[in-house]
């Protein structure tokens, strides 16, 4: 007989205390990208360890070559074992003057629509989300004395810095991290009332290119008309990356891109995602992707190409009649299905080289190259989690690919052979990475209850 | 009977003293764009005034609303009267560490090819060039007591800052500046041995545009594929400005562009300007302009369109998966013949607006709009100056349009009704506006002799 109802009741009882605990965690300034905050990162790791120890789970703070990681392993009532991953580090807080309250002084704020939210840096990304899982574990320990399934915790401190040391750490701790499935709480809900399980992650190829022409900046009065202009060359390269229908023109780019099964497409259509809903909040109104595709396909299941940055020539105030010696752009491709990052990169290089006039050279920097990941739709843990989330929210969770990339999920697959269940309670308006980051109180409370139900379901 | 030979002999005698005088002038740090140097600008104006007074020409330092201008008027033996224009202000000197000797401590340096040059900020642009004219006047005053023709001097101090107060000053001093022709010494020779009279100046339309899409920067993982990317929109706008033959695509752009007469084209061909000569020095090899045109046409007599700067999105080190809220570019058009700046600007605006997707807005800033200017080929002063320069250099001067713009020339035409004879002794390797600016000693000495001859010729 399951202890679930008693555990859920305990979570409701613990509400106030849980917020106090989360606030303590949020006060730690664990900015991982700034070496000045290394001490704060260690403090956050120690805090997580103490938190786990306080509920009777032995934990360790382990060196990684960068900021330390917290690990813990506890067996459960059932034999199934899950690896739970999260990160205690947070984004920088600039620009500070745009925060309504100081980023590391958490408060409960009320939004204009009446929602209560926890405002602080890291509230949604990822401290609040981690704590939904740990609070669920605490309630089990307090009510039952054990967890329904075994859990290995892995809480790292460099996610916002590209998880630089994590793959090597996972490799080194391979045996200690053994599990049947990985759980990650770092994603969003479909909307405020509809949970979501992220079943796919787009891969990425991220390239930087610099077009060089003359060996110095030239005066356009003297050379204009006679000398190659690298900004014009770059503009042509970028303009030619898409055709008039919004498709990427690189030969072979769509190799390995699966067509979404018609029944899935029907499910997506029934979600009724409108442009107004998705784009209206950021001042846009019209989907900008491939013609003839649903907006939801454009942002979830179709590959994309975006220019993330461009610079060249004179960019100060006023007019300067210069022809730049060079111009640069950062260009990224989101990949799906079986698209091969190396093949996409080569096709991009060929596209650029084919458009280089005689007097121009190009230099590339490869920033990222990772394939897409897709969860098997019939995976038993996925089916269990779907039922558990439906019980908590009263509505079936959306199972959907995500537009973003979480590189660690690829590492779990590659190194540990684990599929990852991504369940999170963030919302699109959480302003992660921006001033006034927040996490809905409802996300925090029902998130903890959701994990209690998922742990129970995974034990069956 | 002309005193020319005696005057030329006097110039040769005065060589050493002339260099000493120029060095004194070059030591004054008259950087007009930096308010910290306002005192130095005044000092340079006073220096020019004193210089003119020392040769018996009454001069005044006059307020302009900005840095003062120096004016003087002296009648000559013949009735003809010329307005001589130059500027005493200089460009900033950054980056200071790239100068071989301090910018305001003039020296005679020897280049690797043996040429002797005067190295200092302002040596070529424009203090050295002004002094070629003043030294010629000094020699006349010393030998003859008067100048061959009347001369009004106008030496301003804001040319490097866009001559901001000069048009109003010229307007206010309209009567005092009356003349038959304007003389400007602020241009270059064809090459070290061939003088040049600049008979045309390209006009300019300089526009800055900012494409705006979403009301904030977006995460490409969430919005990539669904949201407009203003960098892509801008790249398309730029790429579409030229066709495959390098012609500008704006409708009506070539209205008013004259075909160069075949005999002029033949003269230009005979100059034998090679890509190697013109482009080799800056690391290029192939003319990049309109197909089927001579390089000399591309840079002198054909209109152009160049992108002078572009910026948008993330331009720091590394990778950031952002979709920018906006992207900007600075785009300029060089105009020739009767191209209408207002019409070109409107065609550009229409080109941009026709390529704006629904969710994008554009904001324009107009930096410049001036028509091209062309000297009548049969103008008597032009014919006289050609003969004088041929006498000094032993080779016929090239008469040619210039790729650059000197806005004051348009003001002289508009306000004073004057055509301007542009004769200068700069060279392409003078590094004006850059570290190690220099002026060839030969330019300085033969420049002064050239002006002596031109003044004599204009008196005939």
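Bear in mind these aren't lab numbers, they're just calculated from the coordinates by the rules spelled out. As the structure is a prediction and not an experimental result, all values here were calculated from the model. Neighbour counts are summed over all protein chains in view; Cβ atoms, including those assigned to glycine, are modelled from backbone coordinates with ideal geometry.
If the segment from residue B:350 to residue B:413 were pulled out straight at 0.36 nm per residue, it would be longer than the present Cα-Cα gap by 19.6 nm. Taking a spot 7 Å from the Cα of residue A:105 along the direction of its beta carbon, which residues of the range A:8-26 have an amide N less than 16 Å from it? Of the residues in the range A:8-26, A:23-24, A:26 have backbone N under 16 Å from the label point off residue A:105. Classify the range A:15-76 from the C-alpha gyration tensor, please: rounded if a/c falls under 1.5, else prolate or oblate depending on whether a/b exceeds b/c. The shape class here is oblate.
Under Stokes-Einstein, with the Kirkwood radius over Cα pairs as Rh, the value for the range B:89-147 at 20 °C and 1.002 mPa s is 160 µm²/s. With Cα atoms defining each centre, the range A:329-360 and the range A:234-264 are spaced 12 Å apart in the structure. Placing dummy labels 7 Å off each Cα toward the beta-carbon, the span from residue B:358 to residue A:342 is 4.3 nm. Label-point spacing for residue B:115 across the identical copies (point 7 Å from Cα in the Cβ direction), in nm and ascending order: 6.9.
Distance from the C-alpha centroid of the range B:182-226 to that of the range B:132-162: 34 Å, rounded to the whole angstrom. So what's the angle, to the nearest 10 degrees on a 0 to 90 scale, between helix B:230-239 and the longest Cα principal axis of chain B? Result, in degrees: 60. Peptide packing for A:111-117, A:227-233 was compared via the average number of neighbouring C-beta atoms within 10 Å per residue; ordered from the highest value, the list is A:227-233, A:111-117.
Averaged over A:275-286, how many beta carbons belonging to a partner chain fall within 10 Å of each residue's beta carbon?
Numbers: counts 2, 0, 0, 4, 7, 0, 3, 12, 9, 12, 3, 6.
Average neighbour count from other chains, rounded to a whole number: 5.
For the peptide A:211-220, the mean number of other protein chain Cβ atoms found within 10 angstrom of a residue's Cβ is 4.
How much of the calculated P(r) for the protein assembly as shown lies past 51 Å, in percent of all Cα pairs? Could you put the intermediate results ahead of the total?
Working: 158446 of 422740 pairs.
In whole percent, the share of Cα-Cα pairs in the protein assembly as shown beyond 51 Å is 37.
Sorting the segments A:297-306, A:24-33, B:447-456 by their residues' average number of neighbouring beta-carbon atoms within 10 angstrom, most packed first, yields B:447-456, A:297-306, A:24-33.
A point 7 Å from Cα along Cα→Cβ stands in for residue A:36, and the other copies hold the same point at 2.7 nm, listed in rising order.
For a test of the definition: using alpha carbon positions, the gyration tensor, and the 1.5 limit on a/c, classify the range A:154-272 as rounded, prolate or oblate.
Since a/c reaches 1.5 but b/c is at least a/b, the shape of the range A:154-272 is classed as oblate.
Please determine, in degrees from 0 to 90 and to the nearest 10, the orientation of helix A:380-393 with respect to the longest principal axis defined by the Cα atoms of chain A, where the helix direction is its Cα long axis. Between helix and principal axis, roughly 80 degrees.
Placing dummy labels 7 Å off each Cα toward the beta-carbon, the span from residue B:34 to residue B:286 is 4.2 nm.
I need the shape label for the range B:50-142. Rule: rounded when a/c is under 1.5, else prolate if a/b > b/c, else oblate, with a, b, c from the alpha carbon gyration tensor.
Values: a/c = 2.92, a/b = 1.62, b/c = 1.80.
The shape class here is oblate.
Between copies, the label points at residue A:346 (set 7 angstrom from Cα along Cα-to-Cβ) are spaced 5.3 nm, reported in nanometres from shortest to longest. Normalised by the residues of the range B:59-188, what does the relative contact order come to in percent, with Cα pairs under 8 Å and at least six apart? Value for the range B:59-188: 43 percent.
Per residue of peptide A:315-328, the mean number of Cβ atoms on other chains within 10 Å of the residue Cβ is 5.
Output the direction-averaged projected area (hull surface divided by four) of the convex hull of the alpha-carbon atoms of the range B:306-430, in nm².
Values: hull surface 50.2 nm².
The Cα convex hull of the range B:306-430, projected and averaged over all directions, gives 12.6 nm².
Helix B:341-354 and the longest principal axis of the C-alpha atoms of chain B enclose an angle of approximately 20°. Centre-to-centre separation between the Cα atoms of the range B:365-430 and those of the range A:49-66: 79 Å. Add -39500 (n - 2.57) for each DSSP H run of 4 or more in chain A, then divide by its residues: what number comes out at 222 nm, to the nearest 500 deg cm²/dmol? Value at 222 nm, helices only, nearest 500: -10000 deg cm²/dmol.
Given contacts defined as C-alpha pairs under 8 Å and at least six residues apart, what's the relative contact order of chain A, whole-number percent? Relative contact order comes out at 26 percent.
Using only Cα atoms, what is the ratio of the radius of gyration of the range A:1-116 to 2.2 N^0.38 Å?
So the range A:1-116 has a normalised radius of gyration of 1.30.
For residue A:396 and residue B:244, the FRET efficiency from 1/(1 + (r/R0)^6), where r spans their Cβ atoms and R0 equals 56 Å, is about 0.55. Shown is the FRET efficiency for residue B:434 and residue B:276, computed with R0 = 22 Å from the Cβ-Cβ distance and rounded to the nearest 0.05: 0.50.
Model label sites at residue A:255 and residue B:442, defined 7 Å from Cα along the beta-carbon direction, differ in position by 6.0 nm.
Considering only beta bridges that DSSP places wholly inside the protein assembly as shown, some 70 percent are antiparallel.
Against the globular-protein guess of 2.2 N^0.38 Å, express the Cα radius of gyration of the range A:299-376 as a ratio, rounded to two decimals.
Working: Rg = 16.5 Å, N = 78, 2.2 N^0.38 = 11.5 Å.
Scaled against compact globular proteins, the figure is 1.43.
Take the alpha carbon atoms of chain B, find their radius of gyration, then divide it by 2.2 N^0.38 Å using N residues; give the quotient. The partial results should precede the final answer.
Details: Rg = 24.2 Å, N = 460, 2.2 N^0.38 = 22.6 Å.
That ratio works out to 1.07.
Sorting A:125-133, B:419-427, A:344-352 by their mean Cβ neighbour count within 10 Å, with the most densely packed peptide first, gives A:125-133, B:419-427, A:344-352.
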